[in-house]
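Bear in mind these aren't lab numbers, they're just calculated from the coordinates by the rules spelled out. Source: prediction; values computed, not measured. Backbone-built Cβ (ideal geometry, glycine too); neighbour counts: all protein chains shown.
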């Protein structure tokens, strides 16, 4: 068997084994993956078992046409894979923000008033204490508003927002998403080799 086909079959098994079956993303990956494998098998069969009724030129034309089809399929699949991965990441990021609960409550205005009355060193201590205590409401009151309301520079607010997310809802990564990225890179590489 062609080494690229063996690799594709290995990656297919890895996809099936490592991504939960209830994941919609998995189904879309498998659909594209199966199209690529089908085209790869078709190309391999044309090359390894050529039709004796075809001239060398006719066979070359058919193989090149099939490889063009593989390149188009690969380009479409790569775009779809990237779109699905970005969508999954976006969803995970939104869930993380919800988990961190960085949404101001009814005390936000009072918290900002106290915060703006502090000197810079005390403001830093105030934010660091809120971080240490995972006080998401205090952090949200200060970090979710423009500079004119909080007194923080854009850069400092962004840095503290990231620290707040990391403290209140640590990023735990998504194992299946990492597997999906690795697998799709391997699939695209194999498909490109077959199409060359």
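Shown here: the chain, whose C-alpha atoms stretch 88, 30, 25 Å along the first, second and third principal axes, sorted largest to smallest.
Rounded to the nearest 10 degrees, the angle from helix 175-195 to the longest Cα principal axis of the chain is 30 degrees. Dimensions of segment 83-144 along the principal axes, based on C-alpha atoms and rounded to the nearest Å, stand at 46, 24, 18, largest first. Overall, the ratio between the Cα radius of gyration of segment 2-47 and 2.2 N^0.38 Å, rounded to two decimals, is 1.23. Each helix, a run of at least 4 DSSP H residues, gives -39500 (n - 2.57); summed and divided by the residues of the chain, these come to -27000 deg cm²/dmol at 222 nm.
Compared with the dominant Cα axis of the chain, that is its longest principal axis, helix 56-100 is turned about 20°.
Just so you know, the Cα atoms of segment 1-79 work out to an Rg and Dmax of 14.9, 48 Å.
Output the 0 to 90 degree angle, nearest 10, between the alpha-carbon long axis of helix 3-18 and the longest principal axis computed from the alpha carbons of the chain. The two axes meet at around 40 degrees. Taking 7 Å steps out from each Cα toward its Cβ at residue 89 and residue 68 produces label points 3.4 nm apart.
Note that segment 108-168 shows a convex hull volume over its alpha carbon atoms of 66 Å³ per residue. Computed across segment 93-196, the Kirkwood radius stands at 15.8 Å (inverse of mean 1/r, all Cα pairs). If R₀ is 30 angstrom, what is the calculated FRET efficiency for the pair residue 97 and residue 41, using the beta carbon separation as r and rounding to 0.05? Step by step, r from the Cβ atoms, then E = 0.10.
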